[in-house]
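Just below is one structure, and these are the notes that go with it.
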Amino acid sequence: DSGVTQTPKHLITATGQRVTLRCSPRSGDLSVYWYQQSLDQGLQFLIQYYNGEERAKGNILERFSAQQFPDLHSELNLSSLELGDSALYFCASSAQGGNGYTFGSGTRLTVV
Amino acid sequence: AQKITQTQPGMFVQEKEAVTLDCTYDTSDQSYGLFWYKQPSSGEMIFLIYQGSYDEQNATEGRYSLNFQKARKSANLVISASQLGDSAMYFCAMREGRVTGGGNKLTFGTGTQLKVEL
């Protein structure tokens, strides 16, 4: 167990639907990062939150949104899902001022 | 330009041999960090080794070492005495800029699929 918890592990949903992916960072880590790993795009940075505030944005679609709650867990919301959104979604966390990034085991999303 | 380039999509190595996985990077920052992660077929991302741009010594962690050549902007991973369990995808990643309180994102290369054979 890496200390970063992602739920659910697997998700199968239909096109046009909306899903929420959840991430609990390692205890004490204030930063949460979301990544999408697909076969054709590799590992793409989506968005980062630090202590509840959005800190950096990457290649995140407008259909996607995220937030970090006061207890530091984060949720990634994906809406109007398309077949191309099928991917492995990772959450990672890092400690304040630290060099370590700990990844969760990922959520495998399949859009059918 | 690609920030992180891994030119070997796939590599084969015999058990107990050493193997080098290539990684070159591109940044204008003086302060940055380089990471290697292992992703087995089960999918999780496992941290292997870290090298800071100001570290003068090459990083080592058990059978893993990082061959850091700053002038060439390369950060190759060397795995010694390969084991069957080393078969996995390996990613090189970079954190640009100095370490800040808020943290900086990692940028990943496309990965190298390593297969260890008997």
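Every read-out reported here was derived from the displayed coordinates using simple, explicitly stated rules and does not represent laboratory data. Only a predicted model underlies this, so the values are computations on that prediction, with no experimental measurement involved. With ideal geometry, Cβ positions are generated from the backbone for all residues, glycine too; neighbour counts draw on all protein chains shown.
List of remarks:
- The stretch A:23-89: Rg to Rh, with Rh as the Kirkwood radius over Cα pairs: 0.98
- Shielding of peptide A:29-40 by partners, expressed as the average count of other chain Cβ atoms within 10 Å per residue Cβ, is 2.
- Across the protein assembly as shown, Cα-Cα pairs more than 25 Å apart make up 41 percent of the total.
- Cα→Cβ-extended label distance, 7 Å offset, between A:F69 and B:T5, nm: 4.5
- Fraction of beta bridges assigned by DSSP in the protein assembly as shown that are antiparallel (%, nearest 5): 90
- In whole angstrom, chain B maps to an equivalent ellipsoid with semi-axes of 24, 14, 13, each derived as √(5λ) from the alpha carbon gyration tensor and ordered largest first.
- Within straight-line cross-link reach of B:K105, lysines at Cα separation under 26 Å, skipping those fewer than 8 residues along the same chain: A:K9, A:K57, B:K3, B:K38, B:K70, B:K73
- Sorted on the mean count of surrounding Cβ atoms within 10 Å across their residues, most packed first, peptides B:85-97, B:26-38 read B:85-97, B:26-38.
- Longest to shortest principal axis, alpha-carbon extents of chain A, angstrom: 40, 27, 25
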